[in-house]
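The values are calculated or read from the model by the stated rules, or taken from the named source; none is laboratory data. Everything quoted here is computed from the prediction, not taken from an experiment. In this analysis, Cβ positions are derived from the backbone assuming ideal geometry, glycine residues included, and neighbour counts consider all displayed protein chains.
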């Protein structure tokens, strides 16, 4: 494992967890940001219903629990709800959405952490943290993030959300060696997909620009998770954004002023919830791939 560095962070995209999760590491090095996508890491192994949870818990390299334990001195950002804030309890709730969503989920239009597919990821990752005795690390060096919302907050001209081509429904993209840009893999006319637009605007380039490279949206999400550890919104600004969005929603619904105040007073961020501030990332992002485990 690398020497701990406050400018280094790991990102884990679990939304592809039913098949393969994606792991990335981002590190600020001089005038660039180095990003490594790792293959064959423990979370990339597809689990079956009858697989033992603790078959290899002492394997520090090959098992999910061993992976979490090996990251004890690292910062890990995961695309998965972690602190559920007593979700599901009816006491003190006023609206239907409060039964299955946290305030941050409702404000930022995220899925319910209890939804069928996402709920499976939530319980599985929490199980890993519990078996690694690492729940107390949440908010210290294990964090929840939401790459899609980080992109939404990235106020960059030309990256408006396009209903006809959201980046997660786009096919993969490829690096054109002769043109030094990313384009859709399935497009012979070199047209930019929304995914290609985002990656080009982020100035992500392969470590060897003369070598063919490809990228999919799960890999971009893992990269964004890792980049969150390099640049993130402070809690006060993020909480303000959440409250402002909830206020807009309540105003549109005609909610009474007294109820609005009560709801906003009760809003808090989940422990360890962070979003990437992409506007602060001005350095080129150099992408490479390596097998797990990392060297050193």
Is it the case that residue 200 is without any contact (Cβ under 8 Å) to a residue 24 or more places away in the chain and more than 24 Å from residue 98 (Cβ to Cβ)?
yes
Checklist entry - Do we find a residue being without any contact (Cβ under 8 Å) to a residue 40 or more places away in the chain, surrounded by fewer than 20 Cβ atoms within 10 Å (Cβ to Cβ) and closer than 24 Å to residue 240 by Cβ anywhere in segment 78-85? => result no
Filtering segment 248-280 for residues that are in contact with a strand residue (DSSP E or B) (Cβ under 7 Å, 6 or more places away or on another chain) and on the phi < 0 side of the Ramachandran plot leaves a count of 7
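Per-residue answers, yes or no, for (1) at pLDDT below 95; (2) over 30 Å from residue 66 (Cα atoms):
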position: 89; (1), (2): yes, yes
position: 104; (1), (2): no, yes
position: 111; (1), (2): yes, no
position: 116; (1), (2): yes, no
position: 120; (1), (2): yes, no
position: 128; (1), (2): yes, no
position: 156; (1), (2): yes, yes
Hey, any hits in segment 224-234 for a residue that's modelled with pLDDT under 95, farther than 17 Å from residue 103 by Cα and either crowded, with 20+ Cβ neighbours inside 10 Å or in contact with a strand residue (DSSP E or B) (Cβ under 8 Å, 6 or more places away or on another chain) (or both)? no
Filtering segment 261-276 down to residues that are surrounded by 15 or more Cβ atoms within 10 Å (Cβ to Cβ) and more than 25 Å from residue 138 (Cα to Cα) yields 263
- Message: Condition first: assigned to a loop (DSSP other than H, G, I, E, B), out of contact with any helix residue (DSSP H, G or I) (no Cβ under 9 Å at 6 or more places or on another chain) and in contact (Cβ under 8 Å) with a residue 40 or more places away in the chain. Can you find one or more residues in segment 209-227 that meet it?
- Response: yes
Conditions (1) surrounded by fewer than 19 Cβ atoms within 10 Å (Cβ to Cβ); (2) under 18 Å from the mean Cα position of the chain (by Cα); (3) more than 22 Å from residue 230 (Cα to Cα) -> residue 100 fails only (2)
Exactly one of 243, 290 is over 21 Å from the mean Cα position of the chain (by Cα) and at pLDDT 95 or above, and that residue is 243
In this structure, is residue 140 out of contact with any helix residue (DSSP H, G or I) (no Cβ under 8 Å at 6 or more places or on another chain) and touching a residue at least 60 places away in the same chain (Cβ under 8 Å)? yes
Condition set more than 10 Å from residue 285 (Cα to Cα) and more than 22 Å from the chain's Cα centre (by Cα), scope segment 199-212, selection surrounded by the most Cβ atoms within 10 Å (Cβ to Cβ): answer is 208
Given the conditions (1) under 27 Å from residue 232 (Cα atoms); (2) without any contact (Cβ under 8 Å) to a residue 24 or more places away in the chain; (3) in a loop (DSSP other than H, G, I, E, B), every one holds for residue 110 apart from (2)
- Looking at residue 105, is it buried (at least 17 other Cβ atoms within 10 Å of the Cβ), over 24 Å from residue 47 (Cβ atoms) and free of Cβ contacts under 8 Å to residues at least 60 places away in the same chain? yes
If we keep only residues of segment 108-121 that are over 18 Å from residue 242 (Cα atoms) and more than 15 Å from the chain's Cα centre (by Cα), then the residue surrounded by the fewest Cβ atoms within 10 Å (Cβ to Cβ) is 116
